[in-house]
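Structure record follows, encoded as structure tokens.
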Amino acid sequence: MSPTSVAVRPKVTPKLDVASNWLLSALMLVGLGAAAAGLSSIISDAVWWFVIMTVALLVFAAGATVRSFARRRIWPSVATAVTAFGVITLMFAPSESLLALIPTPGTFERFGELQALGAASISRQAIPANADEGILFLLCVGVALIAVAMDTLAFTLRVPATAGVPMLVLLLVPSFVRSELDNGFSFVLTAAAWIAILLVGSRRPGRRMAAGIAVAAVTAGLVLPLALPPLESSQAGGESPAGFSTGINPIITLGDDLRRGTPSLALRYTSNEAEGQYLRLTALTDFSGRSWGDGDPEISPENSVDAIGAAPGLGPDVPVIAVTTDISVSNILSRWLPAPYAPTSVTGLVGVWAWDPDALTIRTELSSARGQQYTVESQRIAPSIDQLMAAGTTVESGFERYVQVPEDLPAVVGSTALEVTAAATSNYEKAVALQDYFRGGEFTYSEDAPVDNGYDGSGASVLDAFLAAKAGYCVHFSSAMASMARTLGMPARIAVGFTPGQGTLQDDGTTEYTVTTFNLHAWPELYFANIGWVRFEPTPGRGTVPEFAPLAVDDPATPGVDESVPAVVPTNAATAAPDLPAEKTPVDPDLQAAGFGSSTGAVPWWIVAVAALAAVLLVPAVARSVQRTRRLARVAAGSAETAWDELRDTADDLGLKTDRGLTPRQLRDDLRQHLSPSGVDALDRLRAAVESEAFAEHAGAPDAADVRTVIRSLRRSAGVWSAMLATFVPRSLASRWRPELVRA
Amino acid sequence: MPHDEFYARTREILRMIETVIDGKRDAVEMALTVLLAEGHLLIEDVPGVGKTMLARTLARTMDCSVTRIQFTPDLLPADITGVSVYNQGDREFEFKPGPIFANIVIGDEINRASPKTQSALLESMEEGQVTVDGRSYSLGTPFIVIATQNPIEMEGTYPLPEAQRDRFMARISMGYPDAAAELAMLRQRATSSPLDAVRPVVGISQLAAMIATARSVFASRAVEQYAVAIAQATRDDRELRLGASPRATLQLLRAAKARAALDGREFVLPDDIDALAIPVFGHRLIAARRSGGGSTGFGGGTISDVISAIVAATPVPISAAGPA
């Protein structure tokens, strides 16, 4: 150890110890790699990981190499930044750049395109996302920035402890998208790398403390996410709406929402109809791939919601009932607008919204359904059974895509459909037969069985498992019925939205319905010529059966509801699904009565975020305060050296010079100018105490009150700003961890 | 001798010296420190700033035998140590002790003598004895050499050999007096030599007791570690070709004890080490580069800077955790 040469040649930064330089760089690469591996829970396959690690490797290597010969500390940072830029240019815009490396205006245009591409791709893709070029570009830029930041923090600024912060940011990305902590291994590995960085980077007595704090931090980091779920579920419109907002396939998150411990308020509405409304968010029309998707419809922004086009296929003879629904969305984040079918106009919206002419879903690119209050004029299509029977069995032209099924659809789907509908002649009879098949008692409603047995989702492959197990929830029932209808040549799609929710009679005689995330639902819509799209309800125990599609048998899952008569009192999951797991069934009646008032449990996510951030920012202050309290206790017990350590650190916090090469007298002389007369006296008594303790045969007794006096006096003379800075950003903590990387 | 009596005596000595040497408190205290540490003192400065005056005044405050040797190029070793002369009466060789046989020896302009003569001092300074014609003669106790020399760049000087430089406990320089002190000096010297007014303050036995007291000052393990750390750092430093010898470390600690005693303390502080590092180490270290002030150059510019930097960078062992 020899900090000597630093002081002898203060103008020139001495070269780093070669081993520490490369070892620290390697550890940071490992930590970054581990943190990035955590992204695998939201990005599929692993090629992207190798790509971004190559970027990180090159950046760190550039920093370490330049550091091994550069005399000034700034150059390695410059080298990492230049390398990061060069590598990304070479990878993503070689043809737009001179010699594939030197940027031109075209390079930046290309970067802009890639960024837009990546953003669009993220908003469209389901989890786990496929790392296409746009996402890969964003990943590479992010990792390059993080690598440059880590290198700069650890070497140029010489605080390797803080190199953990960029890694932490990377680690947290998946948890913004998904709530569950399924990257625990990556978490532990990152933490281990960070601890190693601390150990290698610190050669001071503070090393043990640094290691201790690191261990505590990591433990807290692991325990905290476990403690988080109740917090998250109390955030209104928590996970699923967040999923909708990024365009993630709603089917994926729907099950998660239904399985969640407590519901959160989605929206409230009143309408001029006696019964509750099914509110659609989106429709899954495409079943050409492995699973149901929305077919990525092109929605023209000119499709203003002032006047929404006519419902497809609606014939002039079909009776329609005009419905006006006033909807007040609570805290859900969704790009789709909840609306009853078939909407004709929406008023009162904020932002630009447009409608899809096929599915009549209403969507926005930039704003969100959250907090919107609007009125939907819609037509409830109420065909008579005769009209439905008369619709025939032909598939109109233009509707071929609604009967398409994937080639690998299990044969049992088609054979079961044929079997179930053997007696039926018209499409309507077939549809009712299918609905009866699911609601007839053979199938049970279960949110957990599909997950437990591994057939969750809407994919083609899970249908045979579902049909065999005969247990599932709305996703399975709707996708099974829609798929079976398609095999029979009936145009079908899946609507995703909400069941009517819980109605409460208001003073003015209207009924206000409260819809929670437990009301999230999926149901099939079948197309009948000259009538249009008609809703069916195959899920036992959920929702209401349309009046035009009465059941032949009573639904045993809902003994209190006579399904042959359209339900007047809408049901929700809690009341209509007695076979729900016990811990979910009892929804707090008070909570329901209160209508999920804003004061009850619905803590906005940003308050939680700000509180968490504040808590994190307070950590250094608390750590320093605890340290000071413990030290003062030791001072009171007679340790003058501890008193001196505390004084030195306080001065350090305030930005005063506290070189360890200073003797007590020299430090006193330096600090004297910052002290009041009483402070000077106190400091001098402490100086005498520490001198006699450290250097004389008989130790003097320090007075903790003197320490407090000096601290107060120092802080007062430093001014408010410096004192605050010293409290919240105590430099002494960091300097204890600062490495002595210097060798003579 | 108790420490408070020691302190009182040293105050008297200092006051006495200051009647002659005005405004040079630091140099005077440093000289007294070396004296009380029983070390040899080298005063180096340009001619005419009072080197010899300091040496003589210091010697005069002690009631003990004082001799003065003026070093010149033709001075021979025997002129220092003494010679064996044939005694006609006794028909035997008789040893006539040279000026080295005294408690305090003032060697004036020591670097004007040839290296051969200078080296005659070697044995006496280290071992406290003189060997002439195969017979060894012990020198008095205490035995202290106060030498003055001109900077090496001056004409007609021979640099002191490294071995001999190492035998001096400390090297100090006087520096020019400030205007007020110089003015006072003019008035003072107008009529008589102030040296005549200097009276001995301590006798030889008291001097020996004071030296013993200075040696008894407590040096904690932390201070010893600190001194060693500084010495080690001089050996590792790339700016230096030759670092401090173990003898230098030993003398640093001994001088630090004397300084602590002189300050009225019964224990050594790192401040003592800090203050003495340049006087004790300065004349022993050799810079790696010859340019920009030699190793024995005036004021030791480069060397002093290097030592200051080492002292500043060496952590002071205060924390309970020990030296970092």
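Worth a mention:
- Annotation: the residues B:Phe6, A:Phe50, sorted from fewest to most other C-beta atoms within 10 Å of their own C-beta, follow the order A:Phe50, B:Phe6.
- On Cα atoms only, tilt of B:25-36 relative to the major axis of chain B in degrees: 70
- Sorting the segments A:618-631, B:175-188, A:692-705 by their residues' average number of neighbouring beta-carbon atoms within 10 angstrom, most packed first, yields A:692-705, A:618-631, B:175-188.
- Radius of gyration and maximum dimension Dmax of the range A:405-474, Cα, Å: 12.7, 38
- Förster radius 30 Å - calculated FRET efficiency between A:Ile102 and A:Ala19, Cβ distance, rounded to 0.05: 0.25
- Highest mean packing comes first when the peptides A:345-353, B:143-151 are listed by Cβ atoms within 10 Å, giving B:143-151, A:345-353.
- Neighbour net charge for A:Ala93 - beta-carbon separation under 9 angstrom, K R +1, D E -1: -1
- With 0.36 nm allotted per residue and the present C-alpha distance subtracted, the A:Met389-A:Gln115 stretch has 93.4 nm of extension available.
- Cα-based Rg and Dmax for the range B:8-64, where Dmax is the largest Cα-Cα distance (Å): 10.7, 33
- For A:Ala422 and A:Glu396, a Förster radius of 22 Å and the Cβ-Cβ distance give a FRET efficiency of 0.30, rounded to the nearest 0.05.
- Equivalent ellipsoid of the range A:465-517: semi-axes from √(5λ) of the C-alpha gyration tensor, largest first, are 34, 14, 8 Å.
- A cut-off under 12 angstrom between Cβ atoms defines the neighbours of B:Phe6, and their net charge, with Lys, Arg +1 and Asp, Glu -1, is 0.
- Debye-sum result for the range B:55-179 in log10 I(q)/I(0), which assumes one identical scatterer on each alpha carbon, at q = 0.12, 0.13, 0.20 Å⁻¹: -0.48, -0.56, -1.19
- Pairwise Cα separations in the range A:616-737 fall into 10 Å bins from 0 onward with the following percentages, short to long: 14, 47, 33, 5, 0.
- Extension gain from A:Ala614 to A:Arg672, taking 0.36 nm per residue of separation minus the Cα-Cα distance: 17.3 nm
- Averaged over B:305-318, number of beta-carbon atoms from partner chains that fall within 10 Å: 6
- Treating each Cα of the range A:624-689 as an identical point scatterer and summing with the Debye formula, the log10 of I(q)/I(0) at q = 0.29 Å⁻¹ comes to -1.40.
- Kirkwood Rh and Cα Rg combined as Rg over Rh, evaluated for the range A:396-445: 1.02
- Taking 7 Å steps out from each Cα toward its Cβ at A:Thr510 and B:Ala288 produces label points 8.8 nm apart.
- Links that overshoot a 27 Å alpha carbon limit, given the list A:Lys430/A:Lys470; B:Lys96/B:Lys257; B:Lys51/B:Lys116; B:Lys96/B:Lys116; B:Lys24/B:Lys257: B:Lys96/B:Lys257
- Take each residue of peptide B:269-276, count the partner chain Cβ atoms within 10 Å of its Cβ, and average: the result is 4.
- Per residue of peptide A:637-644, the mean number of Cβ atoms on other chains within 10 Å of the residue Cβ is 2.
- Placing R0 at 60 angstrom, the Cβ-Cβ distance between A:Gln404 and A:Ala621 gives a FRET efficiency of 0.45 after rounding to 0.05.
- Scattering from chain B was approximated by placing one identical point on each alpha carbon and applying the Debye formula without solvent; log10 I(q)/I(0) at 0.06, 0.10, 0.12, 0.14 1/Å stands at -0.21, -0.59, -0.85, -1.15.
- The value given for the range B:217-316 is a Kirkwood hydrodynamic radius of 13.5 Å, derived from the mean inverse Cα-Cα separation.
- Put simply, the C-alpha atoms of the range A:350-458 give a gyration tensor, and the ellipsoid matching it has half-axes of 32, 24, 17 Å, longest first.
Computed from the coordinates by the stated procedures, all read-outs in this text should not be read as laboratory data. Every value quoted in this text rests on a predicted model; they were computed, and no experiment measured them. Please note: Cβ atoms are built from the backbone with ideal geometry, for glycine as well, and neighbour counts cover all protein chains shown.
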